[in-house]
Amino acid sequence: MAEGNDNVAGPAGEDQPREAAWWESEGDQVHCLLCPQDCRIGPWRLGRCRVRRNLDGVLRTVNYARITSAAMDPIEKKPLYHFRPGTQILSLGTFGCNLSCRFCQNFTISQGEPPTEKLTPEQAVELALDARSRGNIGIAYTYNEPIVWFEYVRDTAALAREAGLANVLVTNGLIREGPLEELLPFVDAMNVDIKAMDDEFYRSLCGIRSGAQARRTVEMVFGRCHVEITNLLVTDANDSEEQVRALADWAASVSPDLPLHISRYRPSYKHTAPATPADRLQRAVEIAREQLNFVYAGNIMLDGGSDTICPDCGEIGVARRGYSVSSRLSDTGACAACGRGLNVAL
Ligand code: SF4
């Protein structure tokens, strides 16, 4: 297996893209070991993510230091409701994805190759440090799938950590365990998108055989960094009561305090089913709350759907209206009224 990139040319703008991490040579093919798509890539061809290419028998990453989007976002937009509530985070994205979800809400960058600007890891950290005066806490790797930007995320996150900045991943969780272990020491918080509990959903709508590795990622990282999960409720695809119960059962087996965001789907890209009906989303939230202590409704305003409520005494710990946040937590992130821990990292 080849790892690291010390012996190769530099990032975008230079002749040769960087050598990727986590691959092995198989004759004239390369075998990418980064994610469960398990691509074997012939000469000059790209992997399924369209950002890792076999060039002369070497797997290279074509999106290193290439940025499609950079913005300061509320941390709640990731969504993370239990990690440093009310703060801002510099959010960076590139292009490419290891999935091809028919309902992708960001398909112009996940499935296309839009114009990019170069931002080295050093420049990214400088930008994040400059933004500290505007409340920035760190860098979020988001907008498209950060797993297929592995080398850049790893290099940037290591520098950011040294500079005292937080690193946040917004991810589908479909990464092999070896690369995840390599990244994890630099990660402060993750939001993992659990698209469904059944493999048929992943197969027919997302272009991968199974979603099991995404659940495994959550199980692996829980307790090692802050983690929350998101489930996009796609109309007539993963929104039955049975499917929501199965998701809540599994999440509760990780921890009843694992925060779950159930988000409203809207038609996008190749999927034309109507938006999730509000009453179905409300029902899904109610079902999940039977097993989980912190369940939120996303992409929709539901009464009480965004507040963090103490499961023991019923007091509101964090009240939210859109991205406006009002915290009533103790100094340690516990319920100010009864002292119960609310799984909040301040
Ligand atoms: S990261 Fe890309 S090239 Fe590698 S296995 Fe996944 S989809 Fe294939």
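What percent of all Cα-Cα pairs in the chain falls into each 20 Å bin, going from 0 up to the bin containing the maximum distance?
Each 20 Å bin holds this share of Cα pairs: 31, 58, 11, 0.
Place a point 7 Å from Cα of ARG203 in the direction of its Cβ. Which residues in the stretch 34-75 have their backbone N less than 16 Å from it?
Inside the label zone: 37.
Between LEU129 and ARG40, what is 0.36 nm times their sequence separation minus the Cα-Cα distance? Round to one decimal in nm.
Gain on extension, LEU129 to ARG40, equals 28.1 nm.
Rg(Cα) of the stretch 242-342 divided by 2.2 N^0.38 Å?
Dividing the Cα radius of gyration by 2.2 N^0.38 Å gives 1.17.
Pop a pseudo-label 7 angstrom from the Cα along the beta-carbon direction at both ALA273 and GLU315 and give the gap in nm to one decimal.
My value for the distance between the label points is 4.1 nm.
Between ARG289 and THR108, how high is the FRET efficiency from 1/(1 + (r/R0)^6) when r is the Cβ-Cβ distance and R₀ = 35 Å? Nearest 0.05.
E between ARG289 and THR108, to the nearest 0.05, is 0.50.
Between ASP303 and GLU182, what FRET efficiency comes out of the Förster formula 1/(1 + (r/R0)^6) with R0 = 45 Å and r the beta carbon distance, rounded to 0.05?
Given R0 = 45 Å and the Cβ-Cβ separation, E is 0.55.
In whole Hz and in residue order, list the ³J(HN,Hα) couplings for the stretch 182-190 that follow from phi through the Karplus curve 6.51 cos²θ - 1.76 cosθ + 1.60, θ = phi - 60°; x for Gly and Pro.
Those phi angles translate into 5, 7, 3, x, 9, 9, 9, 8, 9 Hz.
With a ≥ b ≥ c taken as the square roots of the eigenvalues of the C-alpha gyration tensor of the stretch 88-246, please select rounded if a/c is under 1.5 and otherwise prolate if a/b is larger than b/c or oblate if it is not?
Taking the square roots of the gyration eigenvalues as a ≥ b ≥ c, the stretch 88-246 is prolate.
Tally Lys and Arg at +1 and Asp and Glu at -1 over the other residues with C-beta under 14 Å from the C-beta of VAL51: what net charge comes out?
For residues surrounding VAL51, the net value is +4.
Between ALA212 and SER326, how many nm apart are label points set 7 Å from Cα along the C-beta direction?
Between ALA212 and SER326, the label points sit 4.8 nm apart.
Would you calculate the volume per residue, in Å³, of the smallest convex hull containing every Cα atom of the stretch 307-346?
With only Cα atoms used, the stretch 307-346 gives 62 Å³ per residue.
Could you rank the peptides 331-337, 212-218 by their average count of other C-beta atoms within 10 Å per residue, with the highest value first?
The most tightly packed comes first, giving 212-218, 331-337.
Read the figures in this text as sums done on the coordinates, not as results from a lab. The structure displayed is predicted, hence computed values, not measured ones. Methodologically, a virtual Cβ is constructed for each residue, glycine included, from the backbone with ideal geometry; neighbour enumeration extends over all protein chains shown.
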